[in-house]
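The values are calculated or read from the model by the stated rules, or taken from the named source; none is laboratory data. All of these numbers come straight from a predicted model, not from anything done at the bench. Neighbour counts are summed over all protein chains in view; Cβ atoms, including those assigned to glycine, are modelled from backbone coordinates with ideal geometry.
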Amino acid sequence: MLSSLRGEDAERVFLSVPKEESALQASRAYAAKPHLAGTPGDYESALVQLKLYQEQFGITPTDAISLPVFDAGTPESRAATLNISSLTEPAAWIDTYYPLLDTPLEHKLEIIADDGSVEWSADLEEKAEEGDDTSKLASYVGAWHAFSKTGDVKGKLIYVSYGRKADFDRLVSHGVDFTGTIALARAGHVLRGLKVQAAQEVGCVGILIYTDPSEYGNLVEENGYKAWPEGPALNPHSVERGNVQFPSVYPGDPTTPGYPAYKNATRQIPKNLASIPSLPLSWSNAKRLLAEIGPHNRGEKSKKDIRLLNNVDAKITPIWNTMAVIPGQIKGEVVMMGNHRDGAGDPTSGTVSLHEVVRGLGELLKQGWKPVRTIVIASWDAEEYGLIGSTEWGEDFEDWIKDNVVAYLNLDMATAGSYLRLIGSPTLAHLLRKTAEDLAHPTDPSRTLWDARNDQGPFTEVRVDFKGDIRGWKREEETVGTGIKPLGSGSDYTVFLQRCGVASLDLGFRGTYYDAIHHYHSVYDSQRWQEVYGDPGFHRHVAIAKLLGLVTLRLADAIVLPLNTTQYSLELGEYLDKVDSLGSSLNLDPDLSDLREAIYELQAASAELDEEKDSVEQDFSHELEIWRSSVEGSIQRDAYAWAEQPLSIASDENMTEPQSALGSNNTPHPQFFAALQRVKEVNKKLADFEQGFISPEGMTTREWYKHLIVSPGKWLGYGATTFPGLTEALRYDQDVALAEYEASRATALITKLAASITGSLDERGQETP
């Protein structure tokens with residue numbers, strides 16, 4: 001017998017489970033062992049996640065010989081996902097993909113004296129620090145850029161600020177010749193891969209990217225703050241690792257763009273990798289290099305040559321995505337959540353919060369709960385190499401995702417500071433905000449979790465007169481009042497949103513100018529740092545677990561999907577206003593009247609859909625109550641279980657009034673099924689709404705990305721650009737004709753989407769005349 005545990009009762013049970021002590025212990029266990037993607041430690045972490053799913057969801061464990069570990073593309077792997085709709089009990093397995101990965105072999109950075117001798121040689125590795133529990137891992141994961149080009153180059157050094165395309169363009173306009181030089185760029189503002197791309201395009205033979213403490217305001221040693229591990233300031237030996245793929249081209253395995261990296265996959269020459277070597281640098285090394293060119297000189301070359309040696313071992317390497325399913329009563333509607341497993345505090349903090357979500361869902365299952373919709377949980381691998389695990393799986397099951405997944409919920413870093421950062425598809429904005437408002441603040445019971453968006457950290461005495469680029473702490477304008485900004489790229493939601501058109505969100509706490517400095521992608525991003533500064537008491541880890549879990553429950557158990565298409569439709573108008581402003585600033589005036597008219601049509605269609613949502617939910621709830629009240633004794637079957645039954649089972653030609661609302665064998669009355677069918681049609685429109693912005697041909701110059709309304713900016717990397725084809729035609733090409741072409745593409749999609757909302761849908765979700 002299915003439990004009636006649902007709604008507020010289910011939420012209450014779930015919220016009672018995530019605990020600080022459990023999160024702390026999980027974090028210590030996860031952080032204790034290195035798990036770089038593609039290594040034995042990484043595989044062991046995949047098995048740990050598998051065991052967690054099995055224990056919490058009541059899945060019979062398997063022995064070492066019969067582990068459910070499948071090579072992607074095999075019948076077993078394909079069936080595990082494609083047969084989800086036929087599952088009646090929870091299941092878990094591991095999919096193995098085979099992308100290109102690399103690891104460092106040898107690297108050097110030297111200043112060459114006039115006589116050819118080595119004047120100075122950098123110590124490129126991070127130093128073990130007494131008192132930092134995981135700094136012993138410094139020798140395990142070398143300081144390198146994943147996918148940097150192997151090379152041994154010499155050249156004069158040029159400081160290029162943040163290394164943005166605009167920085168290089170400005171210097172070129174002032175007569176700087178970059179041919180044969182090595183660029184020195186500070187981290188921040190744009191993704192490191194775009195710095196490398198911009199450097200190679202102007203003729204640099206190499207690039208160095210360093211972490212600058214001034215990026216974090218005045219919480220620096222010069223102002224009396226001790227460096228980690230003795231205090232909150234940046235450790236001067238901290239190095240920011242990370243990949244240098246060109247994310248604007250495509251994410252995922254560089255050798256299999258657009259299709260999955262099976263073991264026997266046909267490989268292509270990568271088009272998203274650098275042709276010059278690069279290295280990450282600490283501040284202690286960067287200071288020495290800046291002295292060679294003068295800290296205030298711009299565009300002047302060092303008098304001495306710099307030698308940059310980078311040697312990496314690149315090869316096809318297995319990675320492991322650990323998957324789990326909680327079957328729902330409606331088989332064709334799936335809520336997905338995911339977190340990547342490889343990395344340090346990014347993403348161990350997220351893995352810990354997901355651990356608590358899994359425990360909460362497990363407790364619900366033990367009490368007899370079964371969600372209305374199926375829930376799929378993913379522990380992605382190799383995100384730090386360029387979103388590889390999620391991208392390969394998404395490319396593998398693209399059609400299944402489009403047909404089944406109604407929303408994807410992403411968790412990366414759960415905690416790196418005190419500011420709550422919430423971003424997502426506009427359709428999810430109201431749900432995300434309302435849920436955050438319903439939860440208590442992690443440390444102040446007089447406030448809500450939503451209020452944590454204004455938190456600024458404990459070091460309030462710090463004077464901030466310079467604002468660099470604290471990751472995620474950017475007070476951009478709100479959109480139509482929700483406070484939820486749109487997604488670009490940068491984590492595992494990318495393939496779901498940008499390629500499959502699935503409404504997505506991302507959440508977590510980030511640092512501010514008044515928080516201890518988070519040593520991003522450094523070995524100093526350690527368990528001890530997390531306990532001392534990142535989240536003392538682990539209250540934020542638990543808050544994120546509750547937020548993610550509650551959003552999941554509200555999506556999984558709602559009758560009508562809580563997706564707000566009107567919010568999206570209104571934001572489209574805002575996005576177009578920004579294009580108008582950009583055009584005016586450039587003295588360009590493309591004709592956007594058809595696009596604006598299409599947006600008005602979509603807004604009107606969405607308003608009709610809002611009325612339809614309210615009507616069908618009221619009708620279904622009414623018929624459901626009639627059926628429930630007509631059943632004698634205890635309810636032996638949850639009404640939602642009828643959702644997948646054919647309408648014909650309740651047909652009874654001999655049924656006459658005033659008969660009860662029951663058909664034969666206590667099956668619901670036909671009116672119940674008619675109401676249910678309308679619910680399913682509305683939910684199909686809601687789930688497919690974001691797919692209406694997907695172009696099969698993709699973006700004009702970046703075909704992997706198929707979403708024409710929002711994408712990672714061509715020269716931003718992770719930052720969201722709305723109406724990207726149109727915006728970039730104006731910003732970079734200053735081409736009115738190209739802008740109008742891009743506007744026409746968006747117009748066609750939006751017009752079709754409006755028609756699909758107002759039209760009826762056949763059983764395959766296709767518009768009928």
Inside the range 198-219, can you point out the residues that are assigned to a loop (DSSP other than H, G, I, E, B) and in contact with a Lys or Arg (Cβ under 6 Å, 6 or more places away or on another chain)?
-> 212, 218
Of the residues in the range 522-573, those that are charged (D, E, K, R) and either more than 22 Å from the chain's Cα centre (by Cα) or more than 29 Å from residue 685 (Cα to Cα) (or both) number 6
Filter the range 698-714 for residues that are buried (at least 20 other Cβ atoms within 10 Å of the Cβ) and more than 20 Å from residue 502 (Cβ to Cβ) and give the result.
-> 713, 714
When the residues of the range 715-730 are filtered to those that are touching a strand residue (DSSP E or B) at 6+ places or on another chain (Cβ under 7 Å) and of a type in the set (A, V, I, L, M), which remaining residue is surrounded by the fewest Cβ atoms within 10 Å (Cβ to Cβ)?
-> 720
Failed item in (1) in a helix (DSSP H, G or I); (2) closer than 28 Å to residue 513 by Cβ, with residue 292 passing the rest = (2)
In the set 372, 376, which member is over 30 Å from residue 444 (Cβ atoms) and modelled with pLDDT under 95?
-> 372
Does residue 82 qualify as being assigned by TED's automatic domain parsing to the domain that holds residue 31, within 26 Å of the chain's Cα centre (by Cα) and touching a residue at least 40 places away in the same chain (Cβ under 8 Å)?
-> yes
The range 220-236, residues that are surrounded by fewer than 24 Cβ atoms within 10 Å (Cβ to Cβ) and either part of a loop (DSSP other than H, G, I, E, B) or on the phi > 0 side of the Ramachandran plot (or both) | 220, 224, 225, 226, 229, 230, 231, 232, 236
Within the range 92-105, can you find the residues that are outside any loop (DSSP other than H, G, I, E, B) and within 22 Å of residue 270 (Cβ to Cβ)?
-> 96, 97, 100, 101, 102, 103, 104, 105
Note on residue 728: of the conditions (1) among the acidic types (Asp, Glu); (2) modelled with pLDDT under 95; (3) not in a loop (DSSP other than H, G, I, E, B), unmet is (2)
In the range 551-571, is there at least one residue being buried (at least 24 other Cβ atoms within 10 Å of the Cβ) and either farther than 22 Å from residue 437 by Cα or among the charged types (D, E, K, R) (or both)?
-> yes
Any pair with Cβ under 7 angstrom, 6 or more apart, that starts in the range 293-309 at a residue that is among the β-branched types (Val, Ile, Thr) and ends at one that is in a loop (DSSP other than H, G, I, E, B) and modelled with pLDDT of 85 or more = 293/300
Just for helices (runs of 4 or more DSSP H) wholly inside the range 1-74: which have at least 1 residues that are of a type in the set (A, V, I, L, M) and in contact with a Leu (Cβ under 7 Å, 6 or more places away or on another chain)?
-> 8-15
Search the range 428-440 for residues that are assigned by TED's automatic domain parsing to the domain that holds residue 484 and pair each with any residue that is of a type in the set (Gly, Ala, Ser) and surrounded by fewer than 24 Cβ atoms within 10 Å (Cβ to Cβ) when their beta-carbon atoms are under 7 Å apart and the residues are at least 6 apart or on different chains.
-> 433/483
Inside the range 600-641, the number of residues satisfying the requirement of being in contact with a Phe, Trp or Tyr (Cβ under 9 Å, 6 or more places away or on another chain), at pLDDT 85 or above and more than 24 Å from residue 332 (Cα to Cα) is 1
Exactly one condition in (1) assigned by TED's automatic domain parsing to the domain that holds residue 242; (2) of a type in the set (Gly, Ala, Ser); (3) loosely packed, with under 15 Cβ neighbours inside 10 Å is not met by residue 58; state its number.
-> (1)
Qualifying position, being of a type outside the set (Asp, Glu) and in contact with a Phe, Trp or Tyr (Cβ under 9 Å, 6 or more places away or on another chain), among 359, 288 | 288
Would you call residue 125 modelled with pLDDT of 95 or more, among the acidic types (Asp, Glu) and either out of contact with any Phe, Trp or Tyr (no Cβ under 8 Å at 6 or more places or on another chain) or not assigned by TED's automatic domain parsing to the domain that holds residue 358 (or both)?
-> no
Among the candidates 309, 281, 290, residue that is of a type outside the set (S, T, N, Q), under 28 Å from the mean Cα position of the chain (by Cα) and in the same structural domain as residue 183 (by TED's automatic domain parsing) = 281
Test for residue 691: is it without any contact (Cβ under 8 Å) to a residue 60 or more places away in the chain and closer than 23 Å to residue 373 by Cα = no
Inspect the range 205-215 for any residue being over 28 Å from the mean Cα position of the chain (by Cα) and modelled with pLDDT under 90 and give the result as yes or no.
-> no
Yes/no for residue 536 being modelled with pLDDT of 95 or more and in contact with a helix residue (DSSP H, G or I) (Cβ under 7 Å, 6 or more places away or on another chain) | no
Of the conditions (1) at pLDDT 95 or above; (2) surrounded by fewer than 21 Cβ atoms within 10 Å (Cβ to Cβ); (3) closer than 22 Å to residue 324 by Cβ; (4) more than 24 Å from the chain's Cα centre (by Cα), residue 47 fails just one. Which one is it?
-> (4)
